[in-house]
Amino acid sequence: MNNAKNHVIEFASFTLAEGVDESTLAAASDALQAEFFSQQKGFIKRDLARVADGKWADVIYWESRESVEQAMQHAPTNPAALKYFQLMANTEHGDPSAGLMLLSVAKSYS
């Protein structure tokens, strides 16, 4: 990651809504990646992680805070993003910012 000091990590934890299984999440996650994230300026990479207590987390790497803010403006109107958010139990009224943290990279190692 070049110039990683300006990078931002978006950490969004969530629980699946009742009745949503892992295969449904995986399909929606693939669509979200192809139809939304891969088209966003400043997007670096994204990991979908399973947390030990049955929760999930999206860990998304961005070139800058501005990149995150632009993507957040576009998410509420993107069909793949809306479908993905609907799978989450802790999303109030389709608000993807529930459980969201933005982390500024202080130092990066590989």
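When segment 37-54 is limited to residues that are in a helix (DSSP H, G or I) and surrounded by fewer than 18 Cβ atoms within 10 Å (Cβ to Cβ), the one that is farthest from the chain's Cα centre (by Cα) turns out to be GLN39. Checking ALA34, ALA75, ALA57 one by one, the residue that is in a helix (DSSP H, G or I), at pLDDT 90 or above and surrounded by 15 or more Cβ atoms within 10 Å (Cβ to Cβ) is ALA75 and no other. Search segment 6-26 for residues being exposed (fewer than 14 other Cβ atoms within 10 Å of the Cβ) and among the acidic types (Asp, Glu), and hand back the single one that is farthest from VAL105 (Cα to Cα). Once the filter is applied, the top-ranked residue is GLU18. Test SER29 against the stated conditions and say whether it is closer than 27 Å to LYS107 by Cα, of a type in the set (Gly, Ala, Ser) and either within 13 Å of the chain's Cα centre (by Cα) or at pLDDT 95 or above (or both). Answer is no for this residue. When segment 9-67 is filtered for residues that are touching a strand residue (DSSP E or B) at 6+ places or on another chain (Cβ under 8 Å), of a type in the set (Phe, Trp, Tyr) and touching a residue at least 40 places away in the same chain (Cβ under 8 Å), the ones remaining, listed by number, are PHE11, PHE14, TRP56, TYR61, TRP62. Per the conditions (1) surrounded by fewer than 14 Cβ atoms within 10 Å (Cβ to Cβ); (2) within 29 Å of TYR109 (Cβ to Cβ); (3) among the hydroxyl-bearing types (Ser, Thr, Tyr), the sole criterion not satisfied by SER64 is (1).
If you filter segment 78-100 down to residues that are in a helix (DSSP H, G or I) and touching a Pro at 6+ places or on another chain (Cβ under 9 Å), you find that the one that is modelled with the lowest pLDDT is GLY94. Note on segment 78-87: among residues that are in contact (Cβ under 8 Å) with a residue 24 or more places away in the chain and closer than 15 Å to GLU10 by Cβ, the one that is surrounded by the most Cβ atoms within 10 Å (Cβ to Cβ) is TYR84.
The values are calculated or read from the model by the stated rules, or taken from the named source; none is laboratory data. Remember, predicted model here, so these are calculated numbers, not experimental data. A quick note on method: Cβ atoms are made from the backbone with ideal geometry, for glycine too, and the neighbour counts reach across all protein chains shown.
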